Each structure stands twice: as C-alpha cells, then as structure tokens.
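Student: Here it is, the structure, as structure tokens.
Nothing in this text is a laboratory measurement; each read-out follows from the coordinates by a stated rule. Computed from a prediction, not measured in an experiment: that's the story for all the values here. Cβ atoms come from the backbone with ideal geometry, glycine included; neighbour counts cover every protein chain shown.
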Amino acid sequence: MKIAIMQPYFFPYIGYFQLMNAVDEFVVYDNIKFSKKGWINRNRILVNGKDSYITIPIQKDSDFLDVRERHLAEIWGAKYKTMLNRIISAYRKAPFFDCVFPIVEKCIIFDDNNLFNFIFNSLSLIKDYLEIKTHLLKSSLILINHDLKAENKVIAICKSRNASFYLNPIGGVKLYCKDRFKEQGIDLHFIKTNDFSYTQFNNDFVPFLSIIDVMMFNSKDEITEYLYSSYTIV
C-alpha cells in the first residue's frame, strides 16, 4: 500500500496531482489549522502573460479552528462570478477551454460554503477529469490519535492504513527522517516535479501555475504523460 498525505489546496499545481497519481491512497487533511499564507484558498493563473492570484474569500474566525471548521465569506455568493469571468478572460482562447471550463465552473459554483468540503469537491472533480484512480480519504476519518503532530502523525496514519510506502513532496526532506520511518516498517520517499514547459499562447513560459493552466493548454494525453513521467522519486 502506497500512501500520501497533503493539505487541501485550491486548484493546486501539477505536482499535487503527480503525487496523488503515484499512490494508492491520498489522504487530505481536514483536521489541521487553516494557514493564511498557504495554498488552501488561493492559487495562480496566467493573466496577460504573467501569474495572477485567484482567491476564495474566507469568513473571519478564530485562527485556532481546523480547515473543516472554516467557511467561505458571505461575499463569495457575489464574488464567484468575478472569478469565473477572470478565468474566462484569461483562457477563452486556450486550445482546451471548451472542455475544461465546464469542469472549473462546476468546482467554483459548488453549493457548500464549508471550506474543506468546497476544496475536497474540486480535488475530486479534477481527479476524475484527469482519470486518476487513487482513492481520496479525509484525515479525520482515520482511527488514530489526532493529537499527534508532524512525523508522528504521519507514521500513525500510515500504520492505520497498513501502508508500507509513504510518498511526500521533496520539500519534506528536511522534515522527515527515512530511518525513523524504516523503524516503523515504512519506506519513506520523496517526489520532485521535473522541469517541463508547454505553450502558453505566445508568452514566455510561467511554471508551477494552477492545474487550471495545465488543463487549458494540454490535452488529456499530454497531461497523463506529465502525471506518469515528469517527476523524480528519491
């Protein structure tokens, strides 16, 4: 059993889905604190040849609440059309706009103001579009001591799911120790997205944008190639 664990990100970049595709189960944290400076409620798209943020407004609340306890701001009911119009304006001439935009629109108009449910739904819809077979699982449903932190919590999740292989983004090299996992019968490995580019109109390539950008400019066959080969596991 191969497993990966990540925070819920809003239309994340291709590396998120490479990680998802490389494992049997993909656990999405719902019982962690919301990070204001992370990627949970924002990402970047291409606007006039440059990267530009799209952001979901979040209702003001305690910083101690978990992601699953946070909600979209009331103004989202008026703002989501603005986001859709920005995406239309940015990508309407992209080669795969007609087949991709309905998926993006379905994610954005999802009628649930719970932040985690909103993000989880979009991850599920994009996963289905990309034909990724990996099972998605909410962290709070796993029977472990959820007071555990960092490495100890990851190991507990792996053991609860009978996983012998844990895959983490390359940024975790400084956080996790392979020997510590090995002691628990788990092989720890890291995934790094390789450098690659594709045509973004006639602009200089802007890397690591939202999966929206990848889908707008690449066929499903091309994206499948990225999902299976454009990374390195160490």
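Student: Distance check, please: which entries in 153/192; 81/220; 159/182; 153/182; 138/178 exceed 18 angstrom between their Cα atoms?
Tutor: 153/192; 81/220; 138/178, as the Cα separations exceed 18 Å there.
Student: Further question: With +1 on the Cβ of every Lys and Arg and -1 on the Cβ of every Asp and Glu, and nothing else charged, how large is the dipole of region 1-131 about its Cα centre, in debye rounded to the nearest 20?
Tutor: Value, rounded to 20: 660 debye.
Student: In the Gaussian network model of the chain, springs joining C-alpha atoms below 10 Å, which of 41, 31, 85 carries the largest mean-square fluctuation?
Tutor: Comparing 41, 31, 85 in the GNM, the peak value goes to 85.
Student: I've got another one for you. Identify the chymotrypsin sites (Phe, Trp or Tyr not before Pro) of region 1-102 meeting these criteria: DSSP loop state and at most 12 other C-beta atoms within 10 Å of the C-beta.
Tutor: Answer by residue number: 64.
Student: Report, as a whole number in µm² per second, the diffusion coefficient that Stokes-Einstein gives for region 46-113 at 25 °C and 0.890 mPa s using the Kirkwood radius over alpha carbon pairs.
Tutor: 179 µm²/s
Student: Which whole-Hz couplings ³J(HN,Hα) result when phi for each residue of region 7-18 is put into the Karplus expression 6.51 cos²θ - 1.76 cosθ + 1.60, θ = phi - 60°, listed in order with x for Gly and Pro?
Tutor: Each residue's phi maps through the Karplus curve to give 6, x, 10, 7, 6, x, 6, 4, x, 4, 7, 4 Hz.
Student: Restricting to the chain, compute how many DSSP beta bridges are antiparallel as a %, nearest 5.
Tutor: Here the share of antiparallel DSSP bridges comes out near 45 percent.
Student: Could I ask something else about it? Is the shape of region 64-148 best called rounded, prolate or oblate, per the rule: a/c under 1.5 gives rounded, else a/b larger than b/c gives prolate, else oblate, with a ≥ b ≥ c the square roots of the Cα gyration tensor eigenvalues?
Tutor: It is oblate, given that a/c is not under 1.5 and a/b is not larger than b/c.
Student: How many Å³ per residue does the convex hull of the Cα positions in region 165-227 occupy?
Tutor: 103 Å³
Student: I'd like the distance between the alpha-carbon centres of region 1-32 and region 82-99, rounded to an integer number of Å.
Tutor: When both Cα centres are located, 26 Å separates them.
Student: Nearest 10 degrees is fine. How inclined is helix 115-129 to the longest principal axis of the chain, computing both from alpha carbons?
Tutor: 80 degrees
Student: Go through 21, 228, 78 and say which Cα lies farthest out towards the positive end of the charge dipole of the chain; charges sit on Cβ, +1 for Lys and Arg, -1 for Asp and Glu.
Tutor: Of the listed residues, the answer is 78.
Student: Each residue of region 185-190 in turn: what ³J(HN,Hα) in whole Hz from Karplus with 6.51, -1.76, 1.60 and θ = phi - 60°, glycine and Pro shown as x?
Tutor: Ordered by residue, 3J(HN,Hα) equals x, 10, 7, 9, 9, 10 Hz.
Student: Size of the dipole of region 104-234 about the Cα centre, Lys and Arg at +1 and Asp and Glu at -1 on the beta carbon, nothing else charged, in debye to 20?
Tutor: Roughly 700 debye, rounded to the nearest 20.
Student: Rounding to the nearest 10 and keeping the result within 0 to 90°, find how far the Cα-based axis of helix 220-229 lies from the longest principal axis of the chain.
Tutor: 30 degrees
Student: If you don't mind, another one. Over the Cα atoms of the chain, what radius of gyration and what Dmax do you get, in Å?
Tutor: 17.9, 53
Student: So which residue, out of 140, 160, 124, gets the largest mean-square fluctuation from a GNM of the chain using Cα contacts under 10 Å as springs?
Tutor: Comparing 140, 160, 124 in the GNM, the peak value goes to 160.
Student: Another question, if that's okay. To the nearest 500 deg cm²/dmol, what mean residue ellipticity at 222 nm is calculated for the chain from DSSP H runs of n ≥ 4 alone, each contributing -39,500 (n - 2.57), summed and divided by the residues?
Tutor: -11000 deg cm²/dmol
Student: Further, regarding this structure: Given springs between every Cα pair under 10 Å in a Gaussian network model of the chain, which of 219, 62, 122 has the largest fluctuation?
Tutor: With Cα springs under 10 Å in the chain, the top fluctuation among 219, 62, 122 is at 62.
Student: As I understand it, the value is the acute angle between the Cα axis of helix 76-91 and the longest principal axis of the Cα atoms of the chain; what does it come to in degrees, rounded to 10?
Tutor: Taking Cα atoms only, the helix is inclined about 70 degrees.
Student: Just how large is the dipole of the chain about the Cα centre, in debye to the nearest 20, putting +1 at every Lys and Arg Cβ and -1 at every Asp and Glu Cβ?
Tutor: It works out to roughly 460 debye.
Student: Using a 10 Å Cβ count of at most 13 others and DSSP loop calls, identify the longest part of the chain lacking such GluC sites (Glu not before Pro).
Tutor: 132-234
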